[in-house]
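Throughout, read-outs are computed from the coordinates displayed, never taken from laboratory work. If you're wondering where the values come from, they're calculated on a predicted model, not measured in any experiment. FYI the Cβ positions are ideal-geometry reconstructions off the backbone, even for glycines, and counts take in every protein chain you see.
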Amino acid sequence: MQQGLVEIYQSEQDAERATHDGDYASAIHHHNNAITKLNMLVTRLLQRNVQDEFGVVDSLVVLKNQISSRMSQLQTLIAAEQAKQQRKTATSAGRPKASATPASNGKDLLLKQTSGSSSPGPVLPNLENASLQLFNSSLAEIETSLLKNLNIKMSDVPNNTRSYKVPMINKPQINQIEHSLQLLNFKGSDDLKLRNEYLTKLNMFYYSEMLAQQEVIKDVVSVVKDLESGMENNPKWTKVNQINDESVLTMVGELQQRISNLEREKLHMENEIVKLKERWNNLVEGARRRKEQEKELYVSRTDTFPVNIDHNYSDKPNYHE
């Protein structure tokens with residue numbers, strides 16, 4: 001099982017690298033390999049007919065669903081990219097060659113225009129167009145990262161974002177597990193095995209949420225660095241050394257606080273799982289000892305008061321004679 005998980009993890013790493021490089025077809029191929037290996041692993045576990053005490057099979061099924069969701073998002077992105085290229089090809093047929101450069105290559109266009117013209121007149125409009133293309137390309141990369149990692153579509157985000165809360169990827173499953181835990185607490189149930197199973201799943205969901213948010217932050221940092229590198233050639237652009245926009249600072253603070261909360265919740269649940277496992281092991285050990293003590297007590301009583309099966313009861317007097 002361990003070797004299978006290592007192979008699945010390697011396939012997912014390859015898929016993440018391919019996605020980061022923009023090779024969505026290869027990413028889908030690696031995701032598909034991971035799903036195939038997951039199916040084989042789950043099948044082997046089910047064929048063993050062993051009691052799944054820690055919810056391993058359920059966790060693998062959840063992981064498979066998450067990978068399938070990633071594949072669907074990548075397929076949607078590929079279809080969108082193809083449609084975009086078709087529109088760009090159709091509209092660029094009647095344009096001059098200078099304007100037919102793709103938006104994703106705005107940085108190269110910016111460098112060519114600044115080095116290829118000495119007159120300041122036509123350069124500034126070209127610089128502004130190239131900067132706009134670079135800006136639009138950066139926005140597209142950020143929106144792609146939001147859709148890929150957090151399943152957030154910008155069309156679903158309201159204009160007033162002050163009251164907007166970023167939805168969790170697996171919110172229905174998280175709500176269901178938390179509701180089940182509340183029911184256990186309300187009933188005062190001591191089913192440690194079931195509680196441990198719920199906490200393990202909840203920990204896995206929260207951990208995947210934290211990883212997804214970190215991926216978005218990493219992508220945004222990369223886009224900002226590329227954007228700064230491309231804008232350095234624009235004479236109208238001045239680099240901001242420190243962000244003073246309160247809304248941006250608030251958003252960054254909320255993201256950092258949320259990641260911090262998720263990390264604390266993860267550590268808390270890991271500690272709870274360890275405690276529950278210790279209590280469960282103690283209960284099992286206590287039950288085993290009680291069973292051995294009862295067995296020893298039964299044997300000692302049998303030795304003290306032996307039952308003579310061969311006793312001849314014919315010597316008793318017959319009172320009916």
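Below are the figures for this structure:
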item	result
Cβ-Cβ FRET estimate between residue 143 and residue 44, R0 fixed at 56 Å, reported to 0.05	0.90
Stretch gain in nm, segment residue 260-residue 194, where the contour uses 0.36 nm per residue and the Cα spacing is subtracted	21.0 nm
Spacing of the two label points (7 Å from each Cα toward its C-beta) at residue 84 and residue 29, in nm	2.2
